Structures are given as C-alpha cells and as structure tokens.
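Only one structure is covered here, and it is reproduced in the block below.
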Number of protein chains: 2
Amino acid sequence: MPREITAFSNPLIKRVRELRDKRHRREQRQFLAEGLRILTEARETGRLPQTLFYAAASAGHPLVNALSIDVEAAGGESIQTTPDILSKLSGKDNPQAVVGVFDEFASSLDALERGKADIWLVAERLRDPGNLGTILRTGDAVGAGGLILIGESVDPFSVEAVRASMGALFTVPVVQAEWSEFVPWLRSGPGQLVGLSLDTESDYRAARYASPTFLLTGNEAQGMPPNYAAECDLLVKIPMLGKADSLNAAVATAVMAYEVLAQRRG
Amino acid sequence: MPREITAFSNPLIKRVRELRDKRHRREQRQFLAEGLRILTEARETGRLPQTLFYAAASAGHPLVNALSIDVEAAGGESIQTTPDILSKLSGKDNPQAVVGVFDEFASSLDALERGKADIWLVAERLRDPGNLGTILRTGDAVGAGGLILIGESVDPFSVEAVRASMGALFTVPVVQAEWSEFVPWLRSGPGQLVGLSLDTESDYRAARYASPTFLLTGNEAQGMPPNYAAECDLLVKIPMLGKADSLNAAVATAVMAYEVLAQRRG
C-alpha cells in the first residue's frame with residue numbers, strides 16, 4: 001500500500017480527482033470532503049474516510065495524526081502527499097491540509113424517525129450546491145431531524161455542497177425522494193407541512209407551528225408548483241419591504257426555521 | 001458605432017471580458033451585470049448600462065427592447081451579439097439573454113442618511129462574493145439603509161456578488177470603509193451597534209433593539225476581532241443546537257435582521 005504519493009500521474013490521484021465529477025461519484029459511490037475542520041467533524045460523528053490525503057507539512061498536527069490513526073485502524077489508507085497534488089484534488093489554489101475520500105451514505109424516508117425532532121427541512125428541486133450546504137448547516141444549528149430533497153436536486157455530495165455544509169453533511173441526515181413518495185410518507189404520521197409563498201396574507205411570525213414542522217422551500221428560480229402549495233397545511237410569507245420579490249432560498253429557510261425554533265423554545 | 005458583433009476577436013469583447021477580473025474593474029471603473037431580471041431592476045432604479053449586449057434571439061423581447069431604447073437614449077450603446085459571445089462575457093455555459101457594462105458607483109459614509117432606515121448592515125472582512133450578494137438581497141428585503149463593508153472585503157462589483165444580489169446591488173447603497181473611519185461616523189449620531197458573538201448569554205430574541213440598529217457581522221472564518229466586539233453597544237447570540245459553532249454569515253445576518261424588523265413592526 002502506498003504511504004506517500006508525489007506523482008500527479010499516480011492512478012489513485014487520477015481516480016480521486018474524478019470524484020469532483022458527478023458521474024464518477026455515482027459510479028464509484030464515493031465523494032470528497034476537504035479541510036481539517038470538516039474531517040474532524042466527520043470523525044466525531046463516526047464517519048471516517050476510506051482514504052485520507054494530507055500534506056507533508058501537516059504530518060505533525062495532532063488532529064491530522066488522530067485522523068490518520070483512526071483511518072488506518074478502520075482499515076482505510078492514509079497517504080502523505082504534496083501541496084500541488086492536494087490542490088489538484090480539491091480544485092483550489094490554496095489547498096486544505098487534508099482531503100478525504102468517503103463512501104457515500106444515504107438515508108431513506110423510512111429510516112427517518114420523525115418524532116426525534118421538532119423541525120424537518122424539505123427542499124424542492126434545489127439547484128445551487130452552496131444553498132444546499134448552507135441549508136444543511138442551518139439544519140444542524142436548529143436541530144433539524146434531516147433534509148429531504150424533493151425531485152431533481154443538486155448533488156448533496158458535490159464538493160461545493162460538502163464545503164458549504166461545513167461538516168453538517170455528516171450530522172444532518174439527507175434523503176432524496178420524489179414528491180409522490182414524500183406525501184404518502186408525510187401523511188402516514190404526525191407532521192405539519194408549511195410552505196413559503198407569496199400568495200398568502202399569513203405572516204410567518206403570526207402563524208403557529210405544530211410539531212413536527214416540515215418546512216418546504218421551493219426551487220430558487222420558480223418557487224414551488226401549485227400542487228405542492230395546495231398540499232401544504234399552512235402557507236406563510238416573509239415580509240419583503242424592498243424591490244425584490246424573494247429571498248435567497250437558504251436565507252428564507254433559515255429565517256423560517258429560527259422562527260419555528262423560537263416558538264418551540266417558548 | 002457597432003450595432004452587431006459576431007467575432008470573438010473584437011477588441012470591445014476582449015475589454016468587456018476583462019471586467020470579470022478585479023484589476024481590470026479597478027482600472028476601467030466599470031463592472032458587469034447579467035440577466036434580464038437584474039438589468040430590468042437596475043433600469044427601474046434609474047441605472048442603465050453604458051453598453052448592453054443581447055442575443056439576436058432576444059431581440060423581440062419587450063423588456064430587452066425597453067432596455068435597448070433607454071440605453072441608447074441615455075447615450076449608451078446597444079449591441080446584438082451571439083450566444084457564444086454572451087457565454088464568453090458571462091463565463092457561463094448557459095448565458096443570460098443580456099449582459100450590461102455599468103459604470104461603478106460607490107457611496108461614502110458621509111452620503112448615508114442614517115435616519116432614513118431602522119436597519120443598517122455592517123460586515124467585517126467579508127470574503128465570499130456569494131455571501132456579499134446574498135446579504136445585499138436580504139438588505140433590500142428588510143428595508144436596510146445600506147451595507148457598510150469594513151476592512152479588506154471581497155469586491156461588491158464582482159460578477160458573483162452582483163449575481164447573488166439579484167439586483168439588490170442597484171437598490172441598496174454599499175460603502176467601503178475602514179473601522180477607524182466607521183466608528184467616529186457611527187458615534188456622530190444616533191445608532192446602536194449590535195454584534196453577533198459566541199461569548200454572550202444574551203439571546204437575539206430576548207434583546208431589544210434601538211433604531212437605527214447597525215448589525216455587525218464578523219468575518220466568515222474568524223468572527224470579529226475583540227476590539228470590534230468591545231465597541232458594540234450590545235452583543236447577542238443566535239442559539240446553535242447542533243455540532244457546528246457558527247452559521248453561514250449571510251444566514252446569521254438575515255436571522256438577526258428579520259428579528260430587528262419584527263420588533264420594529266410591532
């Protein structure tokens with residue numbers, strides 16, 4: 001097993017580099033996560049990379065050492081490499097100290113325990129990986145039970161989404177489902193489906209939320225389809241005082257989620 | 001004056017393409033904005049591009065026509081071009097229907113009328129153009145008087161920031177200032193400086209905000225320096241129930257701003 005790789009032409013480097021591409025992630029069922037903060041968060045939640053790359057200059061860092069030891073103890077591989085190769089793997093000029101290759105994990109609707117959280121996040125056809133990661137990060141902060149991605153969504157395992165999640169990909173369960181699967185599952189137990197809409201007079205601060213609340217955010221450009229809105233138990237609006245008619249999707253989700261949290265906390 | 005450009009080698013195309021680069025924006029004191037929605041918003045606030053590029057396929061669109069007529073009436077130039085050249089200008093595979101070249105505009109602290117708004121946004125060493133644009137978009141929505149960028153900040157006129165602002169760059173005044181200029185200006189009139197901090201027991205929902213409120217958001221990675229926190233009239237925290245110790249900077253700003261707005265509205 002290689003312990004040190006310094007050649008760009010190494011086939012493992014080529015294979016790992018390909019994980020920046022969705023098609024290769026699907027084929028290999030693995031994804032990349034970068035940075036000591038994110039990998040340490042993953043480790044603390046019990047998720048270790050199959051392969052860990054670290055720069056020679058980081059070899060003495062206690063968190064890098066701890067990661068390296070745990071990865072090898074779990075049967076993975078820990079590889080010292082050069083800053084240039086780390087740059088190539090991460091696609092950034094200033095590479096992080098570590099890059100990890102993780103096996104993909106996915107949850108399913110049936111695996112979610114809706115009673116374990118007051119707030120669940122549901123996003124429809126989310127397009128922007130930064131928004132997806134930011135919504136996961138907010139989900140972690142408000143104690144959300146998980147994020148349910150409806151329809152054709154950006155890949156939660158993309159490098160950009162993992163980066164924007166700041167590690168929350170490892171702490172907040174993510175499920176991908178069709179609307180036709182989600183609705184029967186939702187209606188099979190308690191849960192209030194709350195949608196953000198422009199076509200309502202109900203202010204999000206005046207509304208009262210039931211537990212568990214499922215907060216539905218529509219597509220960034222188009223909002224949610226009418227039949228989705230019709231399925232909601234409650235439609236609310238966030239006041240918009242300016243010229244714009246919508247907030248960023250991750251911002252709208254966070255403003256809503258913190259209102260629900262505030263009501264829960266009393 | 002050219003009315004149609006189809007050659008990549010055209011010197012104007014080269015010069016406009018260079019506006020994607022900060023150094024060239026500084027030299028030329030111009031910037032790019034893309035998309036019919038953003039350019040129409042700009043037009044409605046009285047800002048027209050010096051040069052408007054539109055695809056031949058969009059020539060019949062009423063909003064494109066309206067822009068084109070106004071640009072030429074104001075002494076600017078309206079240029080029909082190809083999708084490939086629009087792609088090159090915008091750096092996106094799917095180009096927007098229109099790209100505009102605007103003269104940079106900047107406000108100064110002394111030009112701000114603090115009495116005209118209850119909420120002002122202040123961001124310290126903001127690094128991410130998407131965060132900057134998203135904060136402007138939130139600022140528009142909450143009726144903020146402006147965004148004051150403290151210290152070494154990402155360029156508000158970068159293509160990514162303009163795009164993320166969804167037009168709010170044209171509706172929300174932006175000022176760049178040093179902390180050493182900002183504090184004397186702030187203290188020369190009414191205003192409560194409120195900072196987000198991890199080192200306080202004061203919950204953001206329990207705190208009471210005075211008008212005008214200046215909401216200070218610290219750098220994405222490091223938060224705000226201790227002397228900035230010491231200058232604040234009030235430090236508050238947003239509850240974090242998960243593993244992460246911070247929210248995305250644009251999310252934290254929005255959660256705070258909507259709380260201030262809710263208190264103002266009753």
>> Please report Rg (one decimal) and Dmax (integer) in Å for the Cα set of the range B:4-103.
In response: 12.3, 36
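Express in % the proportion of alpha carbon pairs of the range A:142-181 at distances exceeding 11 Å.
Numbers: 513 of 780 pairs.
Above the 11 Å cut-off, the range A:142-181 has 66 percent of its Cα pairs.
If you average 1/r over all unlike Cα pairs in chain B and invert the result, what Kirkwood radius do you get in angstrom? Each step should come with its number before you reach the end.
Values: mean 1/r = 0.0508 Å⁻¹.
This gives a value of 19.7 Å.
What does the helix-only formula give at 222 nm for chain A: each DSSP H stretch with n ≥ 4 adding -39500 (n - 2.57), the total divided by the residues, and the result rounded to the nearest 500 deg cm²/dmol?
Working: 10 runs with 96 residues, N = 266.
One gets -10500 deg cm²/dmol as the mean residue ellipticity at 222 nm.
Express the C-alpha Rg of the range A:115-188 as a ratio against the empirical globular expectation 2.2 N^0.38 Å, rounded to two decimals.
Numbers: Rg = 11.7 Å, N = 74, 2.2 N^0.38 = 11.3 Å.
Cα Rg divided by the expected 2.2 N^0.38 Å: 1.04.
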> So what's the angle, to the nearest 10 degrees on a 0 to 90 scale, between helix A:129-142 and the longest Cα principal axis of chain A?
Replying inline: 70
> Which distance in Å, rounded to a whole number, links the C-alpha centroids of the range B:98-170 and the range B:29-47?
Replying inline: 14
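Quick one: grab the alpha carbon gyration tensor of the protein assembly as shown, order the square roots of its eigenvalues as a ≥ b ≥ c, and give me rounded if a/c is under 1.5, else prolate or oblate depending on whether a/b is larger than b/c. Numbers along the way, then the final one.
On the way: a/c = 1.39, a/b = 1.16, b/c = 1.19.
Verdict is rounded for the protein assembly as shown.
Of the DSSP beta bridges with both residues in the range A:4-103, give the percent that are antiparallel, rounding to the nearest 5. Spell out each step's value before the answer.
On the way: 9 of 16 bridges.
Among the beta bridges of the range A:4-103, antiparallel pairing accounts for roughly 55 percent.
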>> Through the Karplus equation 6.51 cos²θ - 1.76 cosθ + 1.60, θ set to phi - 60°, convert the phi angles of the range A:10-24 into ³J(HN,Hα) values in whole Hz; use x for Gly and Pro.
In response: 4, x, 5, 4, 4, 5, 5, 4, 5, 5, 6, 9, 4, 4, 6
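Do any of A:243/B:116; A:92/B:88; B:14/B:92 go past 18 Å between their Cα atoms, and which? Mind showing how you got there, number by number?
On the way: A:243/B:116 16 Å; A:92/B:88 22 Å; B:14/B:92 16 Å.
Table pairs above 18 Å Cα-Cα are A:92/B:88.
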>> Can you give the FRET efficiency to the nearest 0.05 for residue B:206 and residue B:4, using r as the Cβ-Cβ distance and R₀ = 56 Å?
In response: 0.35
>> Tell me the angle of helix A:249-265 to the major Cα principal axis of chain A, expressed in degrees between 0 and 90 and rounded to the nearest ten.
In response: 70
> Roughly how many nanometres apart are two label points built 7 Å out from the Cα toward the Cβ at residue A:15 and residue B:24?
Replying inline: 4.1
> Using a basic spin-label model with each label point 7 Å from the Cα along Cα→Cβ, how many nm lie between residue A:181 and residue B:56?
Replying inline: 4.6
> Shortest first and in nm to one decimal, what separations exist between residue B:206 and its copies in the other chains, measuring from label points 7 Å along the Cα-to-beta-carbon line?
Replying inline: 2.9
> Leaving out ligands, DNA and RNA but keeping every protein chain, what accessible area does residue B:265 have, in Å² rounded to the nearest 10, with a 1.4 Å probe?
Replying inline: 140
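Let a ≥ b ≥ c be the square roots of the eigenvalues of the Cα gyration tensor of the range B:109-264; is it rounded (a/c under 1.5), or, if not, prolate (a/b larger than b/c) or oblate?
Values: a/c = 1.33, a/b = 1.12, b/c = 1.19.
It is rounded, given that a/c, with a ≥ b ≥ c, falls under 1.5.
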> Taking the label point as lying 7 angstrom from Cα along the Cα-to-Cβ axis, what are the distances from residue A:266 to the corresponding position in the remaining copies, in ascending order and in nanometres?
Replying inline: 2.8
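Just to be sure I understand: of the beta bridges DSSP finds with both ends in chain B, what percent are antiparallel, rounded to 5?
Details: 10 of 39 bridges.
In chain B, DSSP labels about 25 percent of beta bridges as antiparallel.
Could you tell me the relative contact order of chain A? Use alpha-carbon pairs under 8 Å, at least six residues apart, and round to a whole percent.
Details: 498 pairs, mean separation 48.0, N = 266.
Averaging sequence separation for qualifying contacts and normalising by length gives 18 percent for chain A.
Classify the range A:180-230: rounded, prolate or oblate, from the alpha-carbon gyration tensor (a ≥ b ≥ c, eigenvalue square roots; a/c under 1.5 rounded; otherwise prolate if a/b is larger than b/c)? Show your work: numbers first, answer last.
Working: a/c = 2.29, a/b = 1.13, b/c = 2.02.
It comes out oblate by the Cα gyration axes.
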>> Could you tell me the center-to-center distance, by alpha carbons, between the range B:173-239 and the range A:1-22 in angstrom?
In response: 45
> By DSSP, what percent of the beta bridges with both residues in the protein assembly as shown are antiparallel, rounded to the nearest 5?
Replying inline: 25
> Carbon and sulfur: what percent of the range B:68-161's accessible surface (1.4 Å probe)?
Replying inline: 43
> What FRET efficiency do you get for residue A:152 and residue B:188 if R0 is 45 Å and r is their Cβ-Cβ distance, rounded to the nearest 0.05?
Replying inline: 0.30
> Copy-to-copy spacing for residue A:245, label 7 Å out on the Cα-to-C-beta vector, in nm, shortest first?
Replying inline: 4.3
> How far apart, in nm, are the 7 Å Cα→Cβ label points at residue A:44 and residue B:73?
Replying inline: 5.9
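The values are calculated or read from the model by the stated rules, or taken from the named source; none is laboratory data. All values reported here derive from a predicted model rather than from experimental measurement. Virtual Cβ from ideal backbone geometry, glycine too; neighbours counted across all protein chains shown. Each accessible area value is taken on the protein alone, full model and side chains, heavy atoms only, with ligands, DNA and RNA left out. Shrake-Rupley method; radii C 1.70, N 1.55, O 1.52, S 1.80 Å.
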